[in-house]
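Structure record follows, encoded as structure tokens.
What follows draws every value from the coordinates through simple rules; no lab data is involved. Treat the numbers as computed from the prediction; the structure is a model and nothing was measured. Cβ sites come from the backbone with ideal geometry, for glycine too, and all protein chains shown count toward neighbours.
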Amino acid sequence: MKRIVTIQDFSCVGNCSLTAAIPVLSAAGVECCGIPTALLSNHTGFPTFYSIDLTDELAPIGAQLKKEHIDFDGIYTGYIASVEQVDHIEEFIRQFRKPGTPLFIDPVMGDNGRMYAALTDDYPARMRKFIAGADMITPNITEACLLTGRSFNPCPTLHETREMLLELCDMGVKFAVITGFSEKGQLGAVGCYDGKFAECLTPKKDVACSGTGDVFASALFGAVLRGADNAAALEIATKFTYRAVEYTADAPDRRFYGIHFQPVLGEYISMLDGIEKRNSNGE
């Protein structure tokens, strides 16, 4: 069984970050270890929350894991709260990433045209350096604009989205995916790898809930680890996220608790099993 480590914040209540990544990747048949960058009583979609910054704990945790000779078959980063944390995590990657170990970065920085208030102005430039050499990244439209230095456009055309993807790949990324692309009443993701493009769109649902990007990113990485090619992984992650959003639309507590992906994890597993079956049949 493959073992991966994901580094991002942990909310005691709420479906996002580590509380989304660990169950989704576990459903993909992967041992998912988590290193929290911060501990929150509940995610930030609630009116108030209590949080503890864990920046100073990152280096000692990494040192202890190294001392125990623990290896990982993949490294996945989510929300990183500061440039200082990026520095710590980059050092962790240098210590634990072996040749062939996939590095998956979800460059969480903002949404709806704005960078998150807790981040400093130098954060996008630091993130540009951080993603160089990543196997996969999954920015949303806002984050893609921040990374490429473009003015925010909430509804870029497919051509404009592909241009941004090519720019991201030119930064050293092997497989770049931009989420939140919308066209003709549909919403989904567009990806680029080896100069080729792939996209998957589903009907747009008028539902806003925390953790959607975390679920998509985790499902994408899980699919790749299970042997799906990039285009198939993008399709699986998009369709699974859509089904979770569809289920969440009927949940009265969705505003606070985030995306309800757990009831449709079985569908995600079935999609992964289908990929595995096709691979075994040589299709």
Study note, to complete from the structure: Scoring the chain by relative contact order with C-alpha pairs under 8 Å, at least six apart, yields a percentage of 17
Review point. What's log10 of I(q)/I(0) for the range 71-123 at q = 0.13, 0.14, 0.19 Å⁻¹, Debye sum over Cα points only, no solvent?
Key: -0.38, -0.43, -0.70
Exercise for review: Stick to the Cα atoms of the range 1-62, pair each with every other, and give me the Kirkwood hydrodynamic radius in Å at one decimal.
Suggested key: 12.3
Study note, to complete from the structure: For V30, V177, V190, ascending order of other Cβ atoms within 10 Å (fewest first) is V30, V190, V177
Review point. Between M171, G188, L158, whose Cα lies farthest towards the positive end of the dipole of the range 54-197 when Lys and Arg beta carbons carry +1 and Asp and Glu beta carbons carry -1, centred on the Cα centre?
Key: L158
Practice item. Would you mind checking K2/K67; K98/K277; K2/K98 for any pair whose Cα atoms are more than 23 angstrom apart? Key: K98/K277
Exercise for review: At 4 °C and 1.567 mPa s, grab the translational diffusion coefficient of the range 1-120 from Stokes-Einstein with a Kirkwood Rh over Cα pairs, rounded to a whole number in µm² per second.
Suggested key: 86
**Study point:** Set of lysines with alpha-carbon distance to K184 below 20 Å, sequence-local pairs under 8 removed
**Key:** K204, K205, K239
Practice item. Apply the Debye scattering formula to the range 3-261, with a single equal point scatterer on each alpha-carbon and no solvent, then give log10 I(q)/I(0) at q = 0.08, 0.10, 0.11, 0.13 Å⁻¹. Key: -0.28, -0.44, -0.55, -0.79
Exercise for review: Pop a pseudo-label 7 angstrom from the Cα along the beta-carbon direction at both D56 and L158 and give the gap in nm to one decimal.
Suggested key: 5.3
Point to revise | Amide H within-cut-off set for N42, under 5 Å, with H built and near neighbours excluded | key: C12, V13, Y50
Point to revise | the range 119-128 - phi-based ³J(HN,Hα) in whole Hz, Karplus 6.51/-1.76/1.60, Gly and Pro as x | key: 8, 8, 4, 7, 5, x, 5, 5, 5, 4
Practice item. Only loop residues by DSSP count here, and only those with at most 10 other Cβ atoms within 10 Å; note down the trypsin sites (Lys or Arg not before Pro) in the range 125-189 that meet that. Key: K184
Study note, to complete from the structure: HN-Hα couplings for the range 210-226 via Karplus (6.51, -1.76, 1.60; θ = phi - 60°), in whole Hz with x for Gly/Pro, come out as 5, x, 4, x, 5, 5, 4, 4, 5, 5, 5, 5, x, 5, 5, 5, 7
**Study point:** Sequence-distant residues sharing a close amide H with T202 (under 5 Å, placed H)
**Key:** L187, G188
Exercise for review: Using the Karplus curve 6.51 cos²θ - 1.76 cosθ + 1.60 with θ = phi - 60°, work out ³J(HN,Hα) for each residue of the range 260-266 in order, rounded to whole Hz, and write x for Gly and Pro.
Suggested key: 8, 8, 4, x, 10, 4, x
Practice item. Taking H placed 1.01 Å from N in the peptide plane, check which residues at least 5 places from G74 or on another chain put their amide H under 5 Å from its amide H. Key: V5
Study note, to complete from the structure: E68 and T120 label points (each 7 Å along its Cα→Cβ direction) are spaced in nm at 3.2
